[in-house]
Each structure stands twice: as structure tokens, then as C-alpha cells.
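Asker: Structure below; questions to follow.
The values are calculated or read from the model by the stated rules, or taken from the named source; none is laboratory data. Remember, predicted model here, so these are calculated numbers, not experimental data. Backbone-built Cβ (ideal geometry, glycine too); neighbour counts: all protein chains shown. We work out accessible area using only protein heavy atoms, side chains counted, and drop any ligands, DNA or RNA first. Shrake-Rupley method; radii C 1.70, N 1.55, O 1.52, S 1.80 Å.
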Amino acid sequence: MAAVALQEPRVEILDLRHFSSVDLRPLLDAEIEVWSHLLSWDYSGSADMILRYIDAKILPGYAAIDRGRVFGYAFFVYEGNKGVIGDLFVANGRRLTNPNEVESRLVTHVIETLQQSPGIHRVEAQLLLHEAKAVARPFLEQGFSRHARLFMLQQLANSVPPVPLQPEIDIRRWSEQDYQTAAAIITNAYRGHVDSEINDQYRTLSGSLRFLNNIVRFPGCGTFDPEASFVAVHKRSRTIVGLILCSRVRHDVGHVTQVCVLPEYRSLRIGESLMACTAANLRQRKFSLLSLTVTEANKRAVDLYFRLGFTTERVFDAFVWEG
Ligand SMILES: CC(C)(COP(=O)(O)OP(=O)(O)OC[C@H]1O[C@@H](n2cnc3c(N)ncnc32)[C@H](O)[C@@H]1OP(=O)(O)O)[C@@H](O)C(=O)NCCC(=O)NCCS
């Protein structure tokens, strides 16, 4: 009796710059659905930006092709001596025996390209759409370290009101003039912190300024929402001692892109108050959800978020390689 062999589609991995937005649009539409479903995130602004870069042929990366159609992609960007893997997505609905295999092939191509790029000494990746460990193999085989991170959500209807603070601390709204000081606060707050292993921008003032620039001026991580962003000020010295930055990732969803308090001002409930101010502002403006990501090992922050009513919706991985 003749065995019937199921034909595995012939998957090719090609340079992303061979393709245009017309080829990628259906894939990005599928990805928008997944971001919405898994993370309550409207990815359409980011998708449009990616497609513009693809048409300009300036986005390095790889596409997975089956019979002429793009059904998966991964891209990266160069930031000085560092490569950052921006995205990895393979559309479901294909009858592949092992879709994970395509993700691994895309990741392997990206890692090899970055590790062989002259001057690149560091590679970072945070893959929010992928369950922890799901795509870890090619990273670990190439010498990356892995850090589990949590994606957490708070129903704003259940958020707690801001607590009264010590009289010498004031909380006021973020202003554009806080930019430089905020970078110094971030650098100070993350000294020796696990998150500065994951994102080396936190280690220097210029890096923290670049981080702020990405958050506040570019729409990569939602749209910055200055109304829901605050700073904690020590009244007498008029210095900023903590801050919270929030972006809008869907018409009714806020995302905390940064919250930190200077080490010498911790345990005074400033962190809790900053979170509560953001939640109260969003709630008043009829937002329904607030999300954030946090490194699992950052126990102090995780405990604070649990206490404020956040729940863990996903666990994903951050990967780091230093050459
Ligand atoms: C996480 C961080 C912002 C918290 O700021 P904070 O001002 O120290 O936080 P709070 O004082 O509001 O809460 C933390 C402490 O107060 C206690 N606390 C706060 N609210 C409380 C409450 N309602 N009931 C009881 N205890 C409470 C907590 O148990 C915790 O206690 P500890 O200091 O003994 O560990 C701060 O530690 C920080 O900047 N860390 C570095 C940057 C960082 O990790 N940011 C988060 C990235 S996702």
C-alpha cells in the first residue's frame, strides 16, 4: 500500500528588503488582531510605521515565504553598537507541522546577521507576543541570557485612589521641561538593577535620554500621554525624586512605560501614589485598562503591582547577548 505523504509547504527565508508593504499588509493585519487579542493593544500605528520602513527598504530583517506569499517576518534595528530585535511574527492558520520551526529559522537568521555585523557588541530582544521559553532555543544556543517578564493588567474600575503622602512630597503633572531631570532620575533609579541588564540605555544619562526620546517623541510604544504622566517633587529642594510615564496603546487602554523612584526616597509610598495618580486620571477620562511590563525578578515592583490589583496576563522573555 502506498503511503500518502503530507506535503509540508516549502518555506523560504528571504531578506525583508525584497518585499513591499503590499506583500506584508495581510501579515501585519493578522498581527494587529493578535496584539489586540493578547495585549489589548492597538498595533495599527506601529504596523503602519513598519510598512513605511519596508517600502523605504530601510528595515533589516527576514521574511518567511510559502509559495510566493509572506506569512512571517522578523526585523531588527541598529542603535549604535547594539542590535535590537523589534518583532517576530508568524501567522497562524497555515498547516505547518511545526510553526515554531519557522519562528526559530527567522530568529536564527536575525541573530546570525547581528552577531556578524561589524561593531555590534550587544543584542537585545523582548518578544511580548511569545510565551516564555516558546522561542528560547535559538537564543540560548547562541549564548543569550533569558529574563522572564510579566505583562500585567489592571481594571481601572477597581483601581485604588491616591494615598496621602508625607507633606514634603508633592505630585504634579509631567511637563516637557522635566526631560533632562527625568533622564538623570532614571539613570539613578536603575543603577545595579536587573532592568539595566536587559536594557543598557538605563546605564547612562545619554542612554536614558534616548529611552525618553523613544517613549515621548516616537509612537513605537503607543502614543505618549502627558496628561496621565506625573513627577514626584521634594518640595523644599524642588527636585524631582520619582516619575511615572504613561502612553495610550488603545483608545481606552493606558500603558506605564516607566515608573521609578530615587533609592533614597523609596518605601514612602511614592511609587504607589504615582501609579494611583495615573490610574485616577485615566479612569476619569473613561479609560478601562492600565497595562505594564515588569521583570519577574523585580520582586519589589511586582509585589507593588499585585497589591494595586494588577494581574499577570502573560509571561514572556527578554533576551540579551554581549559579544
Ligand atoms: C518599584 C518602585 C517604583 C517602588 O517605589 P516606592 O516608592 O519605593 O514604592 P512604595 O513605597 O509605594 O511601595 C513599596 C514599599 O512600600 C510598601 N507599601 C506600599 N504601599 C503599601 C500599602 N498600601 N500597604 C502596605 N505596604 C505598602 C511595600 O510593602 C513596599 O515595602 P518595602 O519598602 O518594605 O519593600 C521603586 O522601588 C523603584 O524605583 N525601583 C527601581 C525602578 C523599578 O524597578 N521600576 C519598576 C519597573 S517595572
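Asker: Ranked from the most accessible area to the least, with a 1.4 Å probe and all protein chains present, what is the order of TRP321, TRP41?
Answerer: Output order, biggest surface exposure first: TRP321, TRP41.
Asker: Skip the ligands, DNA and RNA, and give the accessible area per residue of the stretch 1-146 with a 1.4 Å probe, whole Å². Could you put the intermediate results ahead of the total?
Answerer: Numbers: 7650 Å² over 146 residues.
The answer is 52 Å² per residue.
Asker: Largest first, what is the accessible-area ranking of LYS286, LYS133, LYS57 with a 1.4 Å probe?
Answerer: LYS286, LYS133, LYS57
Asker: What full-extension length gain, to one decimal in nm, is calculated for THR239 and VAL160 as 0.36 nm per residue of separation minus the Cα-Cα distance?
Answerer: Taking THR239 through VAL160 to full extension adds about 25.8 nm, to one decimal.
Asker: Could you compute the FRET efficiency for GLN177 and ALA30, with r as their C-beta to C-beta distance and R0 at 56 Å, rounded to 0.05? Spell out each step's value before the answer.
Answerer: Numbers: r = 42 Å, r/R0 = 0.75.
That pair, GLN177 with ALA30, gives E of 0.85.
Asker: Shifting gears a bit: Positive end of the charge dipole of the chain (Lys, Arg +1 and Asp, Glu -1 on Cβ, about the Cα centre): tell me which of LEU14, ILE50, GLY61 has its Cα farthest that way.
Answerer: ILE50
Asker: Sticking with this structure for a sec: Karplus couplings for the stretch 237-251 from phi (6.51 cos²θ - 1.76 cosθ + 1.60, θ = phi - 60°), rounded to Hz, Gly and Pro as x?
Answerer: 8, 6, 9, 7, 10, x, 7, 9, 10, 10, 10, 9, 10, 8, 3
Asker: So what's the convex hull volume per residue for the Cα atoms of the stretch 219-275, in Å³?
Answerer: On the way: hull volume 4.9 nm³, N = 57.
It comes to 86 Å³ per residue, whole-number rounded.
Asker: In addition: Can you tell me the accessible area per residue over the stretch 158-302, all protein chains present, probe 1.4 angstrom, in square angstrom?
Answerer: Value for the stretch 158-302: 47 Å² per residue.
Asker: Placing unit charges on C-beta atoms (Lys and Arg positive, Asp and Glu negative, everything else neutral), compute the dipole magnitude of the stretch 196-313 about its Cα centre in debye, rounded to 20.
Answerer: 440
Asker: Which listed residue (THR97, PHE230, PRO138) has the Cα farthest towards the positive end of the charge dipole for the chain, taking +1 on Lys and Arg C-beta and -1 on Asp and Glu C-beta about the Cα centre?
Answerer: PHE230
Asker: Using the Cα centre of the stretch 108-200 as the reference point, and only Cβ charges (+1 on K/R, -1 on D/E), how large is the resulting charge dipole? Debye, rounded to the nearest 20. Let's see the in-between values first.
Answerer: Details: 8 positive and 11 negative charges, 47 e Å.
Once rounded to the nearest 20, the dipole reads 220 debye.
Asker: I've got another one for you. Would you mind checking which residues have amide H under 5 Å from ASP225's amide H? H placed 1.01 Å from N; only 5 or more apart, or other chain.
Answerer: Placed amide hydrogens put CYS246, SER247, ARG248 under 5 Å from ASP225.
Asker: Which residues' amide hydrogens lie under 5 Å from the amide hydrogen of VAL194, considering only partners 5 or more residues apart or on another chain, with H built in the peptide plane?
Answerer: none
Asker: Take the alpha carbon atoms of the stretch 211-256, find their center, do the same for the stretch 273-323, and report the distance between the two centers in whole angstrom.
Answerer: 14
Asker: Moving on. What distance in nm separates the two pseudo spin-label positions at THR204 and PHE306, each 7 Å out from Cα along the beta-carbon direction?
Answerer: Taking the simple label geometry, THR204 and PHE306 are separated by 3.8 nm.
Asker: I've got another one for you. Under 18 Å between alpha carbons, and skipping anything fewer than 8 positions from LYS235 in its own chain: which lysines qualify?
Answerer: LYS235 reaches no qualifying lysines.
Asker: Could you pull out every one of the lysines with an alpha carbon less than 27 Å from that of LYS299, ignoring same-chain neighbours closer than 8 positions?
Answerer: The reachable lysines, counting only those whose Cα sits under 27 Å from LYS299, are LYS133.
Asker: What is the set of long-range amide H partners of GLU313 at a cut-off below 5 Å, with H atoms built 1.01 Å from backbone N?
Answerer: Long-range HN contacts for GLU313: PHE151, MET152, LEU153.
Asker: Note down the net charge around ALA297, summing +1 for each Lys or Arg and -1 for each Asp or Glu among other residues with Cβ under 13 Å from its Cβ.
Answerer: -1
Asker: Using a 1.4 Å probe, how large is the accessible area of GLU131, given in Å² and rounded to the nearest 10?
Answerer: It works out to around 100 Å².
Asker: How big is the stretch 180-219 in terms of Cα radius of gyration and Dmax, in angstroms?
Answerer: Reported Rg and Dmax, both Å: 9.5, 29.
Asker: Given Cα pairs under 8 Å that are at least 6 residues apart, what percent is the relative contact order of the chain?
Answerer: Computed value for the chain: 21 percent relative contact order.
Asker: In debye, nearest 20, what is the charge dipole magnitude of the chain about its Cα centre with +1 on Lys and Arg Cβ and -1 on Asp and Glu Cβ, if you could check?
Answerer: Using Cβ point charges on Lys, Arg, Asp and Glu, the chain gives about 700 debye.
Asker: Rounded to the nearest 500 deg cm²/dmol, what is the calculated helix-only ellipticity per residue at 222 nm for the chain, with -39500 (n - 2.57) per DSSP H run of length n ≥ 4?
Answerer: -10000 deg cm²/dmol
Asker: Shape verdict for the chain, please, from the Cα gyration tensor: rounded (a/c under 1.5), prolate (a/b greater than b/c) or oblate.
Answerer: Prolate shape, in that a/c is at least 1.5 and a/b is the bigger ratio.
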